[in-house]
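Since the structure comes first, as structure tokens, the remarks are kept for the end.
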Amino acid sequence: MIELKKNSKFIIILLVFVSSWTIQAQEPIGEEKPEVKVIGRATKDAIMLRWGVTTPLAWKYANQYGFTIERKTIVRAGVILQSPEVEKLTATPILPKPMMEWEEFSNRDNNAAIAAQAIYGESFNVELEQGGDDIISIINKAEALEQRFSFALFAADQNFEVAKYSGLAFIDTNVKPDEQYLYRVFTAIPPEKHQVKFGGVYIGLADFQPLPEPKDFVGVFNNKSVMLSWNFVLLKRQYNNYIIERSEDNGNTFNSLEDVPIANLGEREKNPSDRMFYVDSLPRNDKDYYYRIKGISPFGEVGPPSKTVYGSGRKALVYNPAITEAKLQPDNNSAIITWEFPDEGLVSLSHFELNRSDLVKGNYRVVIPKISKGSRSTSFANLNSVNYFTITAVGLDGSRRVSFPQMVQPVDDVPPSVPIGLTGTIDSTGVVQLNWQLNTEADFLGYRVFRANLDNEEYTQITFRPIPESKIIDTVNIKTLNSKVYYKVQSFDQRYNPSGFSEVLELKKPDIIPPTKPVFTSFEADKGVVTLKWITSSSLDAAKTLIYRKEKGGELPWELIADIGLPENSFEDITAKPIVVYLYTMVTMDESGLESEPVTPLTISLPDNKPKPDIDRFSALVNREEKKIGLSWKYKQEEVTEFSLYRAEEEKKPTLYKVFKSDKGNFVDTDLRINSKYTYLLQASFSSGAKSPIKKIEVEY
């Protein structure tokens, strides 16, 4: 066993701490599958490899049989090789260095001592104080192996040289810049003893990247101490250790704070923090100290320093001020606040601040800043109706100590203004919503709301305490005999001074009973007008009669054609078209918008007996040379189907002579006798069967 001399105390403490950390932070090792895990790092002229196995038993056998490394050249000069070149980089398996070669290294490096102890030492053996059976012995030996495994890998992670001594690292210098390699690491354990899956990494010199500087480095300075913290998660793949350096000459020279790098041993599985913390003791206050950190990669490379943070320690403020008096002045608008503070606390005091709030708890704001630390009283004007004051002592380090609050309340007997703008609604379930304008007084407290069922009865308060909102929801029974409900509102200030009452709001309860329906008494359809008559609804709240119409057998819905207020009981429909068969019905609507059942529809057809206009123009042109009479006419009316032309010779009755289509507007008569007198009559016929007045002309031929 290696003798651990000057570092033995450190090793014992670290072993206890890491053991505790390992048990809490790792998953059960027995559930891991045995395999090799490999990572790689490209420098400018070499490839560095680091690996480890995943189970204690695989680690035990690997220490005995070692590891072999195989390199495949996959890409050369940007071209993927058809047949990768395979080269074995280890003539013999890589094993941990012999125990005697560790001694000098262990005496100067704590991680080397941990790894050597784990690989070769005997102190990991667990023995029972008073004997035991074989099962307990097996369990204890398994636990000891797991601890050896955990400590060995931890130590190798902290120092690349330790990893090389442990047979867990390799540097390949026989590499070229234009090639990419697949490295595979195998255990040399005989398969019949233990099967371990190989691991690998794909890398080349082109993957080289300079190490980044640590990010988000901050320092919080306190009394002779500073808490340093930085975000380690951002660079977790690049760094697993950090060096913290301090400068006492304004950043000109820096010295490391610890002999060994700082590692994160407290990372939690659940709700992990992304920051590492380190607390350093300052030799003195009132002096600037500069700090920076450097990361160390798993391959032992030290990265560039972080940005520098600096500051000085300040003695913390430990005394509280206490207000001894808060006195209202005769002007009733200002107060003088007096306080006390121990003289022994002045050395760490910067100044005082006066704070004010409307409430005893919370919402305090600074109303007088930067009060001299020698002052013990100050005045404040423009008081509100209620004022709570505190005094804050501000320390040189920025810390704050606040006194207990004291109240100052000016005399006030002026009530708030009367509430205005009271409005409200009641829905069909009896829910009442009231709203009004909010008071704006600084000392306003709230409202009380009152209700009555009759305008001349005494009002009842429906609020148990003053409410600060300018609205309220109430419920009333709508199935009562009284159809209305009455409300009024009163405001109060914080001294409970009451205002007068608002104007009374009268709300009509919703009507849920529809009115009775009207009854048709008669109708008439003549000369283009359909006249309807009825008996109006007998309901007291009936407001109007709604008349609907639709074509019988048509697909269109009922159409509202009249909205007639009561007491009217007749209506003339001048928009009905002749011949079309219509259905007419009607309902009564009350003041609440409720409608009655519709009456049984009437079936009405309007005859087309409305007088038709005369034919606009009917003229004749005689041409004796060509022996003809030219007739022409013009009649621009809709739904004309044809024109009938009648002719009569002198002293004879006219007879139907010709029938023309509706688009015809002229005719030439050649069936003529000389020296005769002809009478022509023209009449238009409509699709409804109606006819226009006869247009007559007489012609001498």
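The values are calculated or read from the model by the stated rules, or taken from the named source; none is laboratory data. For clarity, every value in this text was computed on a predicted model and none was experimentally measured. In this analysis, Cβ positions are derived from the backbone assuming ideal geometry, glycine residues included, and neighbour counts consider all displayed protein chains.
Taking the condition of being aliphatic (A, V, I, L, M), buried (at least 16 other Cβ atoms within 10 Å of the Cβ) and in a strand (DSSP E or B), how many residues in the stretch 579-598 meet it?
4
When the stretch 532-562 is examined, which residues are found to be of a type outside the set (A, V, I, L, M, F, W, C) and either more than 26 Å from K610 (Cα to Cα) or in contact with a helix residue (DSSP H, G or I) (Cβ under 6 Å, 6 or more places away or on another chain) (or both)? Don't jump to the end; show me each part of the working.
Taking the stretch 532-562 first, the residues of a type outside the set (A, V, I, L, M, F, W, C) are 533, 536-539, 541, 544-545, 548-555, 557, 559.
T536, S537, S538, S539, D541, K544, T545, E555, P557, listed by residue number.
Pick from R292, R237, R246: which is part of a loop (DSSP other than H, G, I, E, B) and of a type in the set (K, R)?
The match here is R237.
Yes/no per residue for (1) surrounded by fewer than 16 Cβ atoms within 10 Å (Cβ to Cβ); (2) aliphatic (A, V, I, L, M):
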residue: L505; (1), (2): no, yes
residue: D511; (1), (2): no, no
residue: E524; (1), (2): yes, no
residue: S537; (1), (2): no, no
residue: A543; (1), (2): no, yes
residue: G553; (1), (2): yes, no
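How do the pairs read when you match residues in the stretch 577-601 that are under 17 Å from T536 (Cα atoms) and touching a residue at least 60 places away in the same chain (Cβ under 8 Å) with residues anywhere that are acidic (D, E) and not in a loop (DSSP other than H, G, I, E, B), using Cβ under 9 Å and keeping only pairs 6 or more apart or on different chains?
Y584/D573; V587/E595; T588/E595; M589/D563; M589/E595; S596/D590
Restricting to the stretch 477-492, give me the number of residues that are buried (at least 16 other Cβ atoms within 10 Å of the Cβ) and either free of Cβ contacts under 8 Å to residues at least 24 places away in the same chain or not small (G, A, S) (or both).
Counting residues in the stretch 477-492 that are buried (at least 16 other Cβ atoms within 10 Å of the Cβ) and either free of Cβ contacts under 8 Å to residues at least 24 places away in the same chain or not small (G, A, S) (or both) gives 8.
Please verify whether V449 is surrounded by 16 or more Cβ atoms within 10 Å (Cβ to Cβ) and assigned by TED's automatic domain parsing to the domain that holds S491, treating the condition exactly as stated.
Yes.
Just checking, which of K696, K636, K653 is out of contact with any helix residue (DSSP H, G or I) (no Cβ under 6 Å at 6 or more places or on another chain), exposed (fewer than 15 other Cβ atoms within 10 Å of the Cβ) and in a strand (DSSP E or B)?
Matching residue, one of K696, K636, K653: K696.
Do we have L621 as assigned by TED's automatic domain parsing to the domain that holds K677, touching a Leu at 6+ places or on another chain (Cβ under 6 Å) and assigned to a strand (DSSP E or B) here?
On the way: assigned by TED's automatic domain parsing to the domain that holds K677: yes; touching a Leu at 6+ places or on another chain (Cβ under 6 Å): no; assigned to a strand (DSSP E or B): yes.
Considered against the rule, which asks whether it is assigned by TED's automatic domain parsing to the domain that holds K677, touching a Leu at 6+ places or on another chain (Cβ under 6 Å) and assigned to a strand (DSSP E or B), L621 comes out as no.
If you go through the stretch 338-397, how many residues are of a type in the set (K, R), surrounded by 15 or more Cβ atoms within 10 Å (Cβ to Cβ) and in contact with a Lys or Arg (Cβ under 9 Å, 6 or more places away or on another chain)?
1
Would you please list the contacts, defined by Cβ atoms under 8 Å and residues six or more apart or on different chains, that run from a residue in the stretch 33-48 that is in contact (Cβ under 8 Å) with a residue 24 or more places away in the chain and outside any strand (DSSP E or B) to a residue that is surrounded by 20 or more Cβ atoms within 10 Å (Cβ to Cβ) and among the polar types (S, T, N, Q)?
Filtered contacts from the stretch 33-48: K33/T55; P34/T55.
Among the residues of the stretch 178-187, is there at least one that is part of a loop (DSSP other than H, G, I, E, B) and either among the hydroxyl-bearing types (S, T, Y) or not assigned by TED's automatic domain parsing to the domain that holds N110 (or both)?
No - not one qualifying residue is present in the stretch 178-187.
So, restricting to strands (runs of 3 or more DSSP E) that lie completely within the stretch 389-475, which ones have at least 2 residues that are in contact (Cβ under 8 Å) with a residue 60 or more places away in the chain, touching a Phe, Trp or Tyr at 6+ places or on another chain (Cβ under 6 Å) and not charged (D, E, K, R)?
Here the list reads 406-408.
Looking at A576 and the list (1) more than 60 Å from the chain's Cα centre (by Cα); (2) under 20 Å from G689 (Cα atoms); (3) surrounded by 12 or more Cβ atoms within 10 Å (Cβ to Cβ), which single condition is not satisfied?
The single condition A576 does not satisfy is (1).
Does S375 satisfy the criteria of being in the same structural domain as G345 (by TED's automatic domain parsing), small (G, A, S) and not in a strand (DSSP E or B)?
yes
Among the numbered criteria (1) surrounded by fewer than 17 Cβ atoms within 10 Å (Cβ to Cβ); (2) of a type in the set (A, V, I, L, M, F, W, C); (3) not in a strand (DSSP E or B), which one does V659 miss?
Answer for V659: the failing condition is (3).
Among the candidates F198, F186, which residue alone is surrounded by fewer than 18 Cβ atoms within 10 Å (Cβ to Cβ) and closer than 26 Å to K97 by Cα?
F198
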